[in-house]
Amino acid sequence: MKQFANNPRCEEFHSQLADIIGSGEMIANHPHLQSCELCRALLADLNVIAQAARQLFPVQDPPMALWGNIESAIARQDALDRR
Ligand SMILES: [Zn+2]
């Protein structure tokens, strides 16, 4: 993200970005976005990527729960195969 390197407020914002998204807060309300066109554009890109990712991976469960589902599905299939 070379074009942001000159703005310490952008760097600070970017370092918090994952935490803010992870916390479920509405990132669009972040004060930095009100004043920074570059980061608004970045966020628009991220939203496009996030939407594409949701279409590719529609499962909402965290990976550990997903793995549990896969394991039990395999176990069920094994049980069926052994009949
Ligand atoms: Zn910025």
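The values are calculated or read from the model by the stated rules, or taken from the named source; none is laboratory data. As the structure is a prediction and not an experimental result, all values here were calculated from the model. Neighbour counts run over all protein chains shown; Cβ positions are idealised from the backbone, glycine included.
Numerical summary
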| read-out | value |
| --- | --- |
| The range 24-37, residues that are away from the ligand (no atom under 16 Å from the Cβ) and surrounded by 10 or more Cβ atoms within 10 Å (Cβ to Cβ) | Glu25 |
| Matching residues in the range 35-83 - criterion: being in contact with a Leu (Cβ under 7 Å, 6 or more places away or on another chain) and under 30 Å from Arg9 (Cβ atoms) | Cys39, Arg40, Leu43 |
| Close pairs (7 angstrom Cβ cut-off, 6 or more residues apart or separate chains): of a type in the set (Val, Ile, Thr) in the range 12-35, assigned to a loop (DSSP other than H, G, I, E, B) and within 11 Å of the ligand (Cβ to nearest atom) anywhere | Ile20/His30 |
| Lone unmet requirement of (1) closer than 23 Å to Asn7 by Cβ; (2) under 21 Å from the mean Cα position of the chain (by Cα) for Glu37 | (2) |
| Criterion: free of Cβ contacts under 8 Å to residues at least 12 places away in the same chain, within 16 Å of the ligand (Cβ to nearest atom) and surrounded by 10 or more Cβ atoms within 10 Å (Cβ to Cβ) - qualifying residue of Arg40, Arg54 | Arg40 |
| Hits in the range 1-44 - residues which are modelled with pLDDT of 85 or more and of a type in the set (Asp, Glu) | Glu11, Glu12, Asp19, Glu37 |
